[in-house]
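K.L.:
Just dropping this structure here.
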Amino acid sequence: MKKGFTLIEIVVSLAIIGVGLLGIIELFSGGLRTERIASEYSKAVEYAHLKMEEIALTPSFQEGKEEGQFNEQFRWEVSRQKVDLLPEEVLSKIKPPANLMEVRVKVFWKSGLKEKSISMESYFVTRNEEGS
């Protein structure tokens, strides 16, 4: 009697190895996909920080919206709006020396077939030019 593997044993072992290799390849491609998405979000956050710092360095704030592009992939949108902390009846009697401005920066990018975005907001105190 000869000792060795039969054809059916070899086929079954190759099938098991094949399924295992497919699982490993799928995990590897999933890791690459996750890394790409994380990289896109990191770039978007960095661009939002950059835009927010640029806004903080401007000498005066005007209410409104503006938009633009960082590059072919990423674009931005900035909205500025005055926040009234005092009730309207008090604001009609006095003019505060400073204004509180809410600044919101949104960064948009295309990832595959979907458009993704992040939003960052901050508040700035500005001099009231009307009261001067």
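What follows draws every value from the coordinates through simple rules; no lab data is involved. Model, not experiment: these values are computed from the prediction. A quick note on method: Cβ atoms are made from the backbone with ideal geometry, for glycine too, and the neighbour counts reach across all protein chains shown.
K.L.:
Answer with one residue from G31, P96, V125: the one whose Cα lies farthest towards the positive end of the charge dipole of the chain, charges on Cβ with Lys, Arg +1 and Asp, Glu -1.
P.N.:
G31
K.L.:
Counting only other residues whose beta carbon sits under 10 Å from that of A44, what net charge do I get with K and R as +1, D and E as -1?
P.N.:
Residues near A44 contribute +1 overall.
K.L.:
Related question: Quick one: angle between helix 7-56 and the longest Cα principal axis of the chain, in degrees between 0 and 90, rounded to 10, please.
P.N.:
For helix 7-56, the angle is close to 10 degrees.
K.L.:
Under 14 Å from the Cβ of S111, count the other residues' Cβ atoms, weight Lys and Arg +1, Asp and Glu -1, and hand me the total.
P.N.:
+3
K.L.:
Return the long-range amide H neighbours of F70 (sequence gap of 5 or more, or a different chain), with a cut-off of under 5 Å between placed amide H atoms.
P.N.:
Placed amide hydrogens put R75, W76 under 5 Å from F70.
K.L.:
Taking the structure as given and computing Rg/Rh (Cα atoms, Kirkwood Rh), which label from (i) 1.01; (ii) 0.96; (iii) 1.45 fits?
P.N.:
(iii)
K.L.:
Right, another one. Between K2 and N128, with labels modelled 7 Å along Cα→Cβ, what's the label distance in nm to one decimal, could you check?
P.N.:
10.1 nm
K.L.:
Also, quick follow-up: Of the peptides 42-48, 94-100, how do they stack up when ordered by the mean number of other Cβ atoms within 10 Å, highest first?
P.N.:
Answer by packing, highest mean first, reads 42-48, 94-100.
K.L.:
A follow-up question, please. Given labels modelled 7 Å from the Cα in the Cβ direction, how far is it in nm from H49 to L100?
P.N.:
2.6 nm
K.L.:
Taking the Cα centre of the range 7-127 as the origin, how large is its charge dipole in debye, to the nearest 20, when only Lys and Arg (+1) and Asp and Glu (-1) carry charge on their Cβ atoms?
P.N.:
Dipole of the range 7-127, to the nearest 20 debye: 260 debye.
K.L.:
How many Lys pairs in the chain lie less than 25 angstrom apart by Cα atoms, where the lysines are 8 or more positions apart or on different chains?
P.N.:
Taking the Cα cut-off of 25 Å, the pair count is 23.
K.L.:
Given a Förster distance of 25 angstrom, what is the FRET efficiency for L32 paired with N71, based on the Cβ-Cβ distance and rounded to 0.05?
P.N.:
Rounded to the nearest 0.05, the efficiency is 0.65.
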